[in-house]
There are 2 protein chains.
Amino acid sequence: MKGIRQLAEHLAISIGTVSRALNGRPDVNEETRRRVLAAAEALGYVANQSGRSLRQGETKVIGLMIESSAEAVENADNFFLGVTSGLQHVFTRHKLDLLMLPCPSDEDPCEYLKRMVARRVVDAMIISNMQRVDRRVDLLSRARIPFIAVGRSLSAGNFPWIDLDFEGVAERAVERLVARGHRRIAITAPSSEVNLGYVFVESYRRALEQHGLPFDPSLVIRVKSSEQGGYQAAHELLLLEDRPTAVILIYELMAIGLYRRLMESGVLPGRDLAVIGFRDAPRARFLQPSLSCFRMSLYDLGVALGQMLLARMPAYREFYSEAGGNMIWPLELVAGESDAFQLTEA
Amino acid sequence: MKGIRQLAEHLAISIGTVSRALNGRPDVNEETRRRVLAAAEALGYVANQSGRSLRQGETKVIGLMIESSAEAVENADNFFLGVTSGLQHVFTRHKLDLLMLPCPSDEDPCEYLKRMVARRVVDAMIISNMQRVDRRVDLLSRARIPFIAVGRSLSAGNFPWIDLDFEGVAERAVERLVARGHRRIAITAPSSEVNLGYVFVESYRRALEQHGLPFDPSLVIRVKSSEQGGYQAAHELLLLEDRPTAVILIYELMAIGLYRRLMESGVLPGRDLAVIGFRDAPRARFLQPSLSCFRMSLYDLGVALGQMLLARMPAYREFYSEAGGNMIWPLELVAGESDAFQLTEA
C-alpha cells in the first residue's frame, strides 16, 4: 500500500498537486487529475483518511441509523432504502457519503448511538423510529452532532424533524368512510412505544369527533406493524361483537395479511368491509380488490431530509438557507376498490 | 464537548485509567468503568476516534456494501437486513461495529468502493451482488483490505466467498419435477450480469442433461429479479407455443407476480403449472396454493460470513482458525402445494 509521497515521486509532480487531485479540488486540471487517479489505482494507493479527519475535523460521511430488529427483517421494510436515493442525490453534490448504521435488535438504541458517536465515523446523523421519549435527541444535542429526525418525539428541545402527515391521513380516511355511511370505523396502531402510534390514534380520535362520532377504545387494534400484524388485526376485528364496517391501517404491509385473514372467513374487502391502507407499497399493488391508500415519494422525502440536515452544518449552511426546521410530509390519496361501496344500514 | 483530560480531572483518576475504561479494556474494574461512562455521558464526552485510528491503524468498523438500486428499493430485498443480525452477533464479541455502505444506483460499484476505501472508515469489507467479472476483488486485494464476498465471480485470484447452493437448488428442483412427469421445465434468470444467473442456468442445464432432457434456450426466461419480473415471466411463459408444464424461479418475490399473472389467465399454480420458488420469504408464505421453495437461515449465513472475514484479519485470526476459505451454503427444500400434482400426458 503506497502513500501520497510515493505517488508524487512516481508521477514526478508535487505532493500538493497530488493531494488536490485526490481530494477532487477544482484547481487541478482534468488531465492531471486523471493521471493521478490512474496511478493511485495502479499503485494501490489508499488515502490516509484518518489523518485528514484529524486535520479537517470532518469525515465527509453522514450516518443514517436504522433498526435491524426481527420485525424490520421479517417484513423487509423498504422505507429507508427508498429514502437513501434521495439523500444520496443531495449528498453527492458535496462529495459526502451516506452510511447506514444498523442498530442490533438486542441493543438499546441510545447506547448504540453513543458508541457510534464516539467512533467519530460520521459528521452528522439522521435518526428514525422516534420513540415517544427519545434520549437520542438529548445525546446528539449535547455532543453537538448535527442531526435530523424522521419523526417527532415528545422529547424536550427544539430539534429538526420531518414527519409524515398522520393527521391528514387519519382525517381524510375518516371523512371518506363517513361519507360512505360508515359509523363504526376501526384503526390499527403499533404495539410499541413508537411516537407515530400516539400521533395517529390521537388524529383518528379528533377526526371522529369532527364528525360527531364517539371514540371506542375497542376499535383501536394494537398489533405489530407487519403482514402478520395485519393478519392478527383482521382476526381480532372479526371477533368483535359489534363488528366495525371499516378499518384504517397504519402500515402498508398489514393489508396483505389482513386481506388473507378476511378472505379465509369469506369477508371480502371492498364489499363486506371497507379497508384503507397507509402508504402505497409496490407489493400492495398486487392486492385484489385494489387497496385505497396514500402515496408519497420516498425519494423526495430523502432529498428534503438531506437538505434540512445540511442546513444545520456550518460547511453547507449557505447552500440551504431555505430549508426550514420542521416539516409535515404530505401524502396523496390513491382511491382503490377496497372502500368503494356505500354502506346501507341493516 | 469535553475531552479525555477534562474527564480525568473531573473524576480525579488518571487519563490512562479513563482511557482503558472507555475502550472497554478488561484491566479496569467494573465500578470504575461505570463511573467513567456515567461521567462521560453527563459531560457530553466524545472520544477522539480519529486520533485512535491513527495510532492503532484501525477503526473497529466493518463495512457491508449493498446496492441502493431502483430494483432493490422497489422490491425491498430484505436479504441483507437478515444477514446483518448474524454478522453483528459475531462482531459484537470483538466490539466491532457493522456499517452498511449503500452504493448509489447511478455510480459504478468499483468507483464507489474505491472512494470508501480511501475514506478509511472501515477495517474490512463484505461485498455482495458479485458480477461475472468483478473489479472490486482486485481493488480490495491490492489495497490489502481484508474482505469476503457473498457470491462467486469469475474474477481472477483466490478470494474468500460464501455462495448459495444454486447447483443443489437447480438439481433438486429438476429432479422433483421430472419425478412428477414434467419434461418441459422453464427457468427464470436475471437480466443482468450478476454471476449467480450464470451459475443457476448452467446448473439447470446440467440437471436436465442428467435426466436425458434437452436444453431449450427458449425456456430460459430473462427478467428482473422482482415481483414485476415474476409477472413478466408468467406473461412470456403463457405466450410460448409449446408451453412448459413447470417453472423454477430464481428469486423469491417473483412468485407473487407470477401467481398474479397466471391467475389472471385462469392458470392455477399447482394444478395447471408446477411452480418451485427459490428462497423461502415471509411474504411468499401468504401465497395460495402454498409455494414449494428452498429455505435457509440468513442469520446463520451472517454468522459464517462474519467468522470467515475475521479469520482473514490478523487481530482476530486466532479465534477463527477453523473458518475455511470458501463455502457453498446449503438450502433445504420446503414442499408446498404449488408443484404437488402428477403430470398426466395429454
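The values are calculated or read from the model by the stated rules, or taken from the named source; none is laboratory data. These figures come from a predicted structure and were not determined experimentally. Backbone-built Cβ (ideal geometry, glycine too); neighbour counts: all protein chains shown. In case anyone asks, the SASA skips ligands and DNA or RNA and just uses the protein heavy atoms, side chains included. Shrake-Rupley method; radii C 1.70, N 1.55, O 1.52, S 1.80 Å.
Key figures for this structure:
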read-out: Any hit, region B:253-271, residues being assigned to a helix (DSSP H, G or I), at negative phi and within 20 Å of the chain's Cα centre (by Cα); value: yes
read-out: Residue match in region B:143-152 (condition: farther than 22 Å from B:Leu310 by Cα and without any contact (Cβ under 8 Å) to a residue 40 or more places away in the chain); value: no
read-out: Boolean, B:Arg243 is of a type outside the set (Ser, Thr, Tyr), open to solvent by 70 Å² or more (accessible area, probe 1.4 Å) and either in a strand (DSSP E or B) or more than 14 Å from every other protein chain (Cβ to nearest Cβ) (or both); value: yes
read-out: Which listed residue is within 7 Å of another protein chain (Cβ to nearest Cβ) and either open to solvent by 30 Å² or more (accessible area, probe 1.4 Å) or touching a Phe, Trp or Tyr at 6+ places or on another chain (Cβ under 8 Å) (or both), from A:Gly82, A:Gly86; value: A:Gly82
read-out: Selection count, region B:61-79, where residues are farther than 13 Å from B:Ile127 by Cα and either more than 9 Å from every other protein chain (Cβ to nearest Cβ) or modelled with pLDDT under 90 (or both); value: 12
read-out: A:Ser225 touching a helix residue (DSSP H, G or I) at 6+ places or on another chain (Cβ under 8 Å), open to solvent by 10 Å² or more (accessible area, probe 1.4 Å) and not assigned by TED's automatic domain parsing to the domain that holds A:Arg132; value: yes
read-out: Unmet criterion (only one of (1) of a type outside the set (D, E, K, R); (2) at pLDDT 95 or above; (3) part of a helix (DSSP H, G or I); (4) open to solvent by 10 Å² or more (accessible area, probe 1.4 Å)) for A:Phe215; value: (3)
read-out: Residues (part of a helix (DSSP H, G or I) and either polar (S, T, N, Q) or in contact with a Phe, Trp or Tyr (Cβ under 8 Å, 6 or more places away or on another chain) (or both)) located in region B:287-305; value: B:Leu298, B:Leu301, B:Ala304
read-out: Residue within region A:297-304 that is modelled with pLDDT under 95, touching a Pro at 6+ places or on another chain (Cβ under 8 Å), surrounded by fewer than 19 Cβ atoms within 10 Å (Cβ to Cβ) and within 14 Å of chain B (Cβ to nearest Cβ) present; value: no
read-out: Any hit, region A:184-193, residues being among the polar types (S, T, N, Q), outside the structural domain of A:Gly324 (by TED's automatic domain parsing), open to solvent by 10 Å² or more (accessible area, probe 1.4 Å) and touching a Lys or Arg at 6+ places or on another chain (Cβ under 7 Å); value: yes
read-out: Residue within region B:196-203 that is in a strand (DSSP E or B) and open to solvent by 10 Å² or more (accessible area, probe 1.4 Å) present; value: no
read-out: Condition broken by B:Arg260, with the remaining ones in (1) within 30 Å of B:Ser85 (Cβ to Cβ); (2) surrounded by 14 or more Cβ atoms within 10 Å (Cβ to Cβ) satisfied; value: (1)
read-out: Whichever residue in region B:228-240 is buried (at least 24 other Cβ atoms within 10 Å of the Cβ) and under 11 Å from B:Ala186 (Cβ atoms) and, among such residues, is farthest from the other protein chains (Cβ to nearest Cβ); value: B:Ala233
read-out: Check on A:Phe159, buried (at least 21 other Cβ atoms within 10 Å of the Cβ), free of Cβ contacts under 8 Å to residues at least 24 places away in the same chain and assigned to a loop (DSSP other than H, G, I, E, B); value: yes
read-out: Contacts under 6 angstrom Cβ, first residue in region B:322-346 being open to solvent by 30 Å² or more (accessible area, probe 1.4 Å), partner of a type in the set (S, T, N, Q) and not in a loop (DSSP other than H, G, I, E, B), 6 or more apart; value: B:Ala323/B:Gln307; B:Ala335/B:Ser292
read-out: Flag for A:Ala274 being within 18 Å of A:Glu337 (Cα to Cα), in the same structural domain as A:Arg176 (by TED's automatic domain parsing) and assigned to a strand (DSSP E or B); value: yes
read-out: Residue, nearest to the other protein chains (Cβ to nearest Cβ), within region B:93-129, restricted to residues that are in contact (Cβ under 8 Å) with a residue 24 or more places away in the chain and among the charged types (D, E, K, R); value: B:Arg120
